[in-house]
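Undergrad: What follows is a single structure, and I will ask about it in a moment.
The values are calculated or read from the model by the stated rules, or taken from the named source; none is laboratory data. Quantities reported herein were computed from a predicted structural model and do not represent experimental measurements. Cβ placement follows ideal geometry from the backbone for every residue including glycine, while neighbour counts extend to all protein chains displayed.
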2 protein chains.
Amino acid sequence: MLKGDGGRVNPVIGKFERFVRLSPAEHQAIEALAGLPTHRVPARQDLVREGDRPTSVFVILDGWACRWKSLADGRRQILSLLLPGDFCDLHGFLYQEMDHSLGALSRVRAVEIPRQAFARLLASSERINQAMWWSELTSAAIQREWTINLGQRSAFERIAHLLCETFTRLDAIGLTRDGSCEFPLVQQDLADATGLTAVHVNRTLQELRRRGLIRLAERRATILDRPALEELAEFDAAYLYLEVRRR
Amino acid sequence: MLKGDGGRVNPVIGKFERFVRLSPAEHQAIEALAGLPTHRVPARQDLVREGDRPTSVFVILDGWACRWKSLADGRRQILSLLLPGDFCDLHGFLYQEMDHSLGALSRVRAVEIPRQAFARLLASSERINQAMWWSELTSAAIQREWTINLGQRSAFERIAHLLCETFTRLDAIGLTRDGSCEFPLVQQDLADATGLTAVHVNRTLQELRRRGLIRLAERRATILDRPALEELAEFDAAYLYLEVRRR
DNA sequence: CGATGGCTTGAATCGGCTCAAAGCTTGTGG
DNA sequence: CCACAAGCTTTGAGCCGATTCAAGCCATCG
C-alpha cells in the first residue's frame, strides 16, 4: 500500500460535470479526495479479492481495471471494464463481503475512499449524490448491454461491440487520439470478457483486421472504419448517457 | 391506465426491512405509496417501451415482469426478472429516455411513483435512501451473475442457475410453498433469458426432469432436489444479500 | 371445433471449442 | 549483447453443444 503522489482526481470531475454543473465547493470536495491514500497496482494484480471485507470505495485515476469472477473449475468471466474516473464498488460502501474481485489490467493508480469519507461526500451535496446515482445507473446500463452481448450476439458482433463501447467510453474522458487508444487487454482477456475462447477471439480479430475495420497490436487499438464497425455491432451509444446535461 | 384498488405496498416494506429497521414514520411514508395510481397490466403486455420518456418509477406489487431489449433482426434478450417489491427503473428518476423495455410476464399490478414524489421519498429519510442504494446494488449484483451465466455456463447450468436464483428471491419475499412457486415463463422466455433457443431449453428441461431435479408444468416450478440443483448450477446465494441486517 | 399457442421430437448443420504444436515478442540475467 | 524463458499469438484438425428447420402433438378457448 504505497502512498502515491496525490495526483489530481480530474477524471471524476470531468465525469460528473458531464451530468451536473458542480459548484466551486463541490469541485473542491472532489479534488480533496486526492489527499487520500493513492495505490499503485502493477498490471495483472488484484486490488480486491472476492470474499474480502471492503471498508472503502476505490476510484480509478489512471489505467484499466476490471471486475471478474471465476467458477470452481477455473472458467473466468470479466464482468466489466473500469476506466479512469470509475468508482469501483460502492459495494464497499454498503456490503460486508465482496462477491467478485477487482483486478488491474494495466498499471493502475487508484484512490481509496474510506466508507465514512464516502458517506460524508454523498451527504455533503445533493448534486454529488445525484451524480453518483447517475454514475451507478450508467454502470447498470452497461452491464445490461453486456448481458445482450453475451446472450444474443455472435463472436464477431461481441468483439466489435466491446471495441465500440470501450472506445466511446475512453473518448468521453479524452483518452483517444486519432481514432486510436490504449488497449491493454490480451486475447485471453478479450475471451474472458466476451465468453469466447482465446483461439476463437484470435480468428475473429483476424477477420476484423482483414475487413479493414480495426488495428490491434502492441497494446493499442485503432478503429479504422468506425461507422462500419458500429453497424456490424449494432452499437448505439445512447445507453452510455454521454450528453445528459443537454436537457 | 386503470386506477387500482390501492392495495398495500407490503413487498417493499418487507424488502427494505431485510436491510434496515424502519421507523413508524418511514413505514408510513412507504405505505403512503399505495395511494398512488396503481396499474394493472395483463400478461405479455409492456409497461414501458424502449425510447419512452419516463416521468416516474414503477414498483411491482404483484406478478412478474422483466426488462428486455431486442436487436434489429428480432433476437430478444430478457435482461432481468422483476418480482414483487422490485423497483423498475430508477432510470425514470434520472434519465430522459428508456434504453430498454419493461414487459409483464404474468398479470402485473404496479404503482407508479412520479419523479418528484420519488425524490421526496429518498430525501425524507437517510435510511430509505440507504435502502434504495442497497436495493440497486443488489440488482447490480444479480446482473453480474447473469453475465457469468451467459458468458461461462453451459445450457444445463444456466437454466439450473436461473431456477435457483429465482426460487431464492421468491422465497425471500414469502412467495414459495413446499419447494414450489409460480413460474409464468414459457420455454421461449427461458430461452430469451438464458441466451439459448426454445428447442434447446426444451431438451435441457427434459434432462433436468429426468434427473429428478425439478418439476415444471402449468406455470408452476417445483425444486425437487435443491442441494443437487444448486451444486449443478454452482449457485451461492451470497450475492443476493438476503441477510444483511445481521451485521 | 377449428384456431392458436405452447411443447416435443428428429435430422442435418454449424459456430465455436479442444487439443496440440509452432512462431513471435518481450523481458531478464549473465 | 546474447540466450533463454515466459507469455502471447497464430495455425491446423477434429469434435461437440447448440442451432435450424420442419413437423406433429396437445391443451385451451372463443
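Undergrad: Scan the stretch B:201-221 and tell me whether some residue there is under 22 Å from A:Ala140 (Cβ atoms), within 14 Å of DNA strand D (Cβ to nearest atom), touching a residue at least 24 places away in the same chain (Cβ under 8 Å) and surrounded by 15 or more Cβ atoms within 10 Å (Cβ to Cβ).
TA: No, there is no match, as no residue in the stretch B:201-221 is under 22 Å from A:Ala140 (Cβ atoms), within 14 Å of DNA strand D (Cβ to nearest atom), touching a residue at least 24 places away in the same chain (Cβ under 8 Å) and surrounded by 15 or more Cβ atoms within 10 Å (Cβ to Cβ).
Undergrad: Ok, one more. For the stretch A:216-247, give me the residue count where each residue is within 14 Å of DNA strand C (Cβ to nearest atom) and away from every other protein chain (no Cβ under 14 Å). Break it down stepwise before answering.
TA: Here is the first cut: in the stretch A:216-247, the ones within 14 Å of DNA strand C (Cβ to nearest atom) are A:216-220, A:232-233.
Keeping just the survivors that are away from every other protein chain (no Cβ under 14 Å) gives A:216-220.
Of the residues in that region, 5 qualify.
Undergrad: Restricting to the stretch A:134-145, and then to whatever is touching a Phe, Trp or Tyr at 6+ places or on another chain (Cβ under 6 Å) and facing chain B (nearest Cβ under 7 Å), can you tell me which residue is modelled with the lowest pLDDT?
TA: By that ranking, first place goes to A:Trp134.
Undergrad: Counting just the residues of the stretch A:62-71 that are touching a residue at least 24 places away in the same chain (Cβ under 8 Å) and part of a strand (DSSP E or B), which one comes out surrounded by the fewest Cβ atoms within 10 Å (Cβ to Cβ)?
TA: Applying the first criterion (touching a residue at least 24 places away in the same chain (Cβ under 8 Å)) to the stretch A:62-71 yields A:62-69.
Imposing the further condition that a residue be part of a strand (DSSP E or B) reduces the set to A:62, A:65-69.
Details: A:Asp62: 17, A:Ala65: 27, A:Cys66: 22, A:Arg67: 25, A:Trp68: 22, A:Lys69: 21.
Within the stretch A:62-71, the match that is surrounded by the fewest Cβ atoms within 10 Å (Cβ to Cβ) is A:Asp62.
Undergrad: Please go through the stretch B:72-86 and give me each residue that is within 12 Å of chain A (Cβ to nearest Cβ) and either assigned to a loop (DSSP other than H, G, I, E, B) or under 20 Å from A:Ala233 (Cα atoms) (or both), ordered by number.
TA: Matches in the stretch B:72-86: B:Ala72, B:Asp73, B:Gly74, B:Arg75, B:Arg76, B:Gln77, B:Ile78, B:Leu79.
Undergrad: Suppose the filter is among the charged types (D, E, K, R), assigned to a helix (DSSP H, G or I), under 30 Å from B:Leu94 (Cα atoms) and touching a residue at least 60 places away in the same chain (Cβ under 8 Å); does A:Glu230 pass it?
TA: It is true that A:Glu230 is among the charged types (D, E, K, R), assigned to a helix (DSSP H, G or I), under 30 Å from B:Leu94 (Cα atoms) and touching a residue at least 60 places away in the same chain (Cβ under 8 Å).
Undergrad: Same structure, new question: Sort out which residues of the stretch B:97-153 are without any contact (Cβ under 8 Å) to a residue 24 or more places away in the chain and in contact with a Gly (Cβ under 8 Å, 6 or more places away or on another chain), and write them in order of number.
TA: Once the filter is applied, which keeps residues that are without any contact (Cβ under 8 Å) to a residue 24 or more places away in the chain and in contact with a Gly (Cβ under 8 Å, 6 or more places away or on another chain), the stretch B:97-153 yields B:Gly151, B:Gln152.
Undergrad: Considering B:Ala172, B:Ala198, which residue is among the hydrophobic types (A, V, I, L, M, F, W, C), outside the structural domain of B:Ile30 (by TED's automatic domain parsing) and at pLDDT below 95? I'd like the intermediate steps shown before the answer.
TA: On the way: B:Ala198 fails: at pLDDT below 95.
B:Ala172 is the lone residue from the list that is among the hydrophobic types (A, V, I, L, M, F, W, C), outside the structural domain of B:Ile30 (by TED's automatic domain parsing) and at pLDDT below 95.
Undergrad: Please note which helices (runs of 4 or more DSSP H) are completely contained in the stretch B:147-210 and include at least 2 residues that are basic (Lys, Arg).
TA: Passing ranges, in order: B:155-172, B:198-210.
Undergrad: With the checklist (1) over 15 Å from B:Ser135 (Cα atoms); (2) within 15 Å of the chain's Cα centre (by Cα); (3) within 14 Å of chain A (Cβ to nearest Cβ) in hand, flag the one item B:Asp99 doesn't pass.
TA: (2)
Undergrad: A:Thr194 is checked against (1) within 14 Å of chain B (Cβ to nearest Cβ); (2) more than 12 Å from DNA strand D (Cβ to nearest atom); (3) touching a residue at least 60 places away in the same chain (Cβ under 8 Å) and fails just one. What number does that condition carry?
TA: So the condition that A:Thr194 fails would be (3).
Undergrad: Report, by residue number, each residue of the stretch A:17-31 that is of a type in the set (Gly, Ala, Ser) and either modelled with pLDDT under 90 or assigned to a loop (DSSP other than H, G, I, E, B) (or both).
TA: Listed by number, the list holds a single entry, A:Ser23.
Undergrad: Same structure again: So which residues in the stretch A:32-66 are more than 16 Å from A:Glu112 (Cβ to Cβ) and of a type outside the set (Lys, Arg)?
TA: A:Pro42, A:Ala43, A:Glu50, A:Gly51, A:Trp64, A:Cys66
Undergrad: If you don't mind, there's one more thing I want to ask. Suppose the filter is within 13 Å of chain B (Cβ to nearest Cβ) and β-branched (Val, Ile, Thr); does A:Ile148 pass it?
TA: On the way: within 13 Å of chain B (Cβ to nearest Cβ): yes; β-branched (Val, Ile, Thr): yes.
It is true that A:Ile148 is within 13 Å of chain B (Cβ to nearest Cβ) and β-branched (Val, Ile, Thr).
Undergrad: Out of the residues in the stretch A:152-187 meeting the condition of being within 14 Å of chain B (Cβ to nearest Cβ) and within 11 Å of DNA strand D (Cβ to nearest atom), tell me which one is nearest to A:Glu230 (Cα to Cα).
TA: Here the answer is A:Ser154.
Undergrad: Got a sec? Which of B:Ala104, B:Ala131 is surrounded by 20 or more Cβ atoms within 10 Å (Cβ to Cβ) and at pLDDT below 95?
TA: B:Ala131
Undergrad: I want to confirm something. Restricting to the stretch A:116-126 and keeping residues that are of a type outside the set (Asp, Glu) and within 12 Å of chain B (Cβ to nearest Cβ), which single residue is nearest to DNA strand D (Cβ to nearest atom)?
TA: If we take residues in the stretch A:116-126 being of a type outside the set (Asp, Glu) and within 12 Å of chain B (Cβ to nearest Cβ), then A:Phe118 is nearest to DNA strand D (Cβ to nearest atom).
Undergrad: Could you tell me which of the residues B:Leu213, B:Leu162 is within 16 Å of DNA strand C (Cβ to nearest atom), within 30 Å of B:Val20 (Cβ to Cβ) and of a type in the set (A, V, I, L, M)?
TA: On the way: B:Leu213 fails: within 30 Å of B:Val20 (Cβ to Cβ).
Going through B:Leu213, B:Leu162 in turn, just one is within 16 Å of DNA strand C (Cβ to nearest atom), within 30 Å of B:Val20 (Cβ to Cβ) and of a type in the set (A, V, I, L, M): B:Leu162.
Undergrad: Out of all the residues in the stretch B:176-195, is one or more of a type in the set (Asp, Glu), at pLDDT below 95, farther than 14 Å from B:Arg158 by Cα and within 12 Å of DNA strand C (Cβ to nearest atom)?
TA: No, there is no match, as no residue in the stretch B:176-195 is of a type in the set (Asp, Glu), at pLDDT below 95, farther than 14 Å from B:Arg158 by Cα and within 12 Å of DNA strand C (Cβ to nearest atom).
Undergrad: Can you name the condition, by its number, that A:Thr168 falls short on among (1) closer than 27 Å to B:Asp99 by Cβ; (2) in contact with a Lys or Arg (Cβ under 8 Å, 6 or more places away or on another chain); (3) of a type in the set (Val, Ile, Thr)?
TA: (2)
Undergrad: Which ones in the stretch A:87-108 are under 21 Å from A:Gln45 (Cβ atoms), hydrophobic (A, V, I, L, M, F, W, C) and not in a loop (DSSP other than H, G, I, E, B)?
TA: A:Phe87, A:Cys88, A:Leu102, A:Ala104, A:Val108
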